[in-house]
1. Could you check Cys128 against (1) closer than 23 Å to Ile174 by Cα; (2) touching a strand residue (DSSP E or B) at 6+ places or on another chain (Cβ under 6 Å); (3) hydrophobic (A, V, I, L, M, F, W, C); (4) without any contact (Cβ under 8 Å) to a residue 24 or more places away in the chain and say which number it fails?
2. Considering each residue of region 26-50, count those that are surrounded by 10 or more Cβ atoms within 10 Å (Cβ to Cβ) and assigned to a strand (DSSP E or B), and give that number.
3. Of the residues in region 215-254, how many are among the polar types (S, T, N, Q) and part of a loop (DSSP other than H, G, I, E, B)?
4. Every residue in region 226-254 that is aromatic (Phe, Trp, Tyr) and at pLDDT below 95, please.
5. Could you grab me the full set of residues in region 89-118 that are in a loop (DSSP other than H, G, I, E, B) and either touching a residue at least 60 places away in the same chain (Cβ under 8 Å) or surrounded by fewer than 11 Cβ atoms within 10 Å (Cβ to Cβ) (or both)?
6. Would you check if there is a residue in region 172-182 being under 21 Å from the mean Cα position of the chain (by Cα), over 23 Å from Val144 (Cβ atoms) and not in a loop (DSSP other than H, G, I, E, B)?
7. Is it the case that region 179-199 has a residue that's more than 12 Å from the ligand (Cβ to nearest atom), free of Cβ contacts under 8 Å to residues at least 12 places away in the same chain and in contact with a helix residue (DSSP H, G or I) (Cβ under 6 Å, 6 or more places away or on another chain)?
8. Out of all the residues in region 239-254, which are within 14 Å of the ligand (Cβ to nearest atom) and either acidic (Asp, Glu) or out of contact with any helix residue (DSSP H, G or I) (no Cβ under 7 Å at 6 or more places or on another chain) (or both)?
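The values are calculated or read from the model by the stated rules, or taken from the named source; none is laboratory data. Bear in mind that the values here come from a model prediction, so they are computed numbers and not experimental data. Every residue, glycine as well, gets a Cβ built from its backbone with ideal geometry; the counts of neighbours run over all protein chains shown.
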Amino acid sequence: MAKRKPMQLELVLDNVPAQTSSRHQFRLDEHWIEYTLKRSLRRRSITFVIDEDGLRVGAPWHASLRRIESLLGRHARWITRKLGEWRARRPPPFTWQEGAAVMALGEPLTLALDPARSSTARDGNLLCIAANEAIEPGVLAAQVTAWLRSTAQGWFEQRAAHYAPELGVPLPAIYLSNARSRWGSCHPDGRVRLSWRLIQMPPELIDYVVVHELAHLREANHSQYFWRWVARVLPDYEIRRRALRRDSHRYLFA
Ligand SMILES: [Zn+2]
């Protein structure tokens, strides 16, 4: 293939996505194995990664599926063993019962039933529920969620009160949302909406979302001026932003 001039290469990169991702299946001994294939213009060799998300294959843009799967076949024993190890390590699916753990402010709280109580309350690393063993999983879920929501409301209001003066914005009214994919939003009239699910995260990530939404009261966009306001209050905001993107899937339990 003729060597491309740098200018032409840039045009190619403009028109084609730098990476594509697709799901495939192939037969390994008796089993069908699913994998994610990521093709990239930059990649020069075929690579395998096995982790909690299963098997991911990285390949150069033009590598044929036949070549990829013949390589998978050659590493069949390694792949089967690694997939088995991860499957064994995977935690059992979450069930609403005594002893299960929910996250609050980045810490696991173990659910404990305590019929002597009149309301749900945290006690160290326990979340004590005013109920006995006869409680239905759905009722338990509702009680824990109600506690998380009320904790979220108080925490978010307090953090907003802390940061609003630093940004020089009036203290907004905080509303809770039930969103799984959008942690916060800000209305131009000064209402800030935050997902109650955020309360499961460590305080530094909650603070990032609070500051992000408050900074929108300064700049209703994501311009450099907006990010300058965020950075003024949280100089390390980029680290928090990356951590939020990386970890947020862990906090979508219910
Ligand atoms: Zn934003």
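1. (1)
2. 16
3. Step one: of region 215-254, the residues among the polar types (S, T, N, Q) are 221, 223-224, 248.
Going one step further and asking which of them are part of a loop (DSSP other than H, G, I, E, B), we end up with 221, 223.
Residues flagged as among the polar types (S, T, N, Q) and part of a loop (DSSP other than H, G, I, E, B) within region 215-254 amount to 2.
4. Result: Tyr251, Phe253.
5. Passing the criteria: Arg90, Pro91, Pro92, Pro93, Phe94, Thr95, Gly99, Leu105, Gly106, Ala116, Ser118.
6. Taking region 172-182 and keeping what is under 21 Å from the mean Cα position of the chain (by Cα), we get 176-182.
Still in the running and over 23 Å from Val144 (Cβ atoms): none.
No.
7. No: zero hits.
8. Filtering region 239-254 down to residues within 14 Å of the ligand (Cβ to nearest atom) leaves 240-241, 244-245.
Residue satisfying the conditions is Arg245 alone.
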